[in-house]
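Every number in this text was worked out from the coordinates using simple rules, so none of it is lab data. Source: prediction; values computed, not measured. Because the Cβ atoms are built from the backbone with ideal geometry, glycine has one as well, and the counts that use them run over all protein chains shown.
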Amino acid sequence: MENARRKIDDIDHQLVALLEERMQVVEEVISIKKAQTREVLDEDREKDVLKKVSACIKHKEYEPCILAIYEEILTVSKVYQVKKLTE
Ligand SMILES: C=C(O[C@@H]1C=C(C(=O)O)C=C[C@H]1O)C(=O)O
């Protein structure tokens, strides 16, 4: 059990770094949307993101789990953008 949990802790460490990196790019998107007065929601882009994510998944049995996580990432990304664009 300890060994498995150590592996999960290590993966979480990597995931957090990548999520922080993703949010930093979202900051760039916020600046562009502000400058171009564009909507936060871009449904076509979201469909494309989810399509690309699905295509990366090697173990198809994990697809529903990973897509559920991604739906949440997209939601949180939009909530953050709306907050930053309205404050
Ligand atoms: C980041 C963007 O804003 C929103 C959030 C997205 C994301 O986090 O990937 C994708 C599309 C948009 O609904 C974007 O437009 O690229």
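For the reader, a short list of remarks on this structure follows.
- Within straight-line reach of K83, meaning a Cα separation under 22 Å, sit the following lysines at least 8 residues removed in sequence or on another chain: K33, K34.
- Karplus (6.51, -1.76, 1.60) ³J(HN,Hα), θ = phi - 60°, over segment 48-60, in Hz, Gly and Pro reported as x: 5, 4, 5, 5, 5, 4, 4, 5, 7, 6, 7, 9, 4
- Positive-end residue of S54, L67, T37, charge dipole of the chain with Cβ unit charges: T37
- Only DSSP H runs of four or more residues enter the estimate; each adds -39500 (n - 2.57), and after division by the residues of the chain the mean residue ellipticity at 222 nm equals -29000 deg cm²/dmol.
- Contour excess over end-to-end distance, with Cα ends at A55 and E28 and 0.36 nm allotted per residue: 7.2 nm
- Contact order, relative form, for segment 6-87: 41 percent (alpha carbon pairs under 8 Å, 6 or more residues apart, mean separation divided by residue count).
- Using 0.36 nm per residue and subtracting the Cα-Cα separation, the extra length available between E2 and Y80 on full extension is 24.6 nm.
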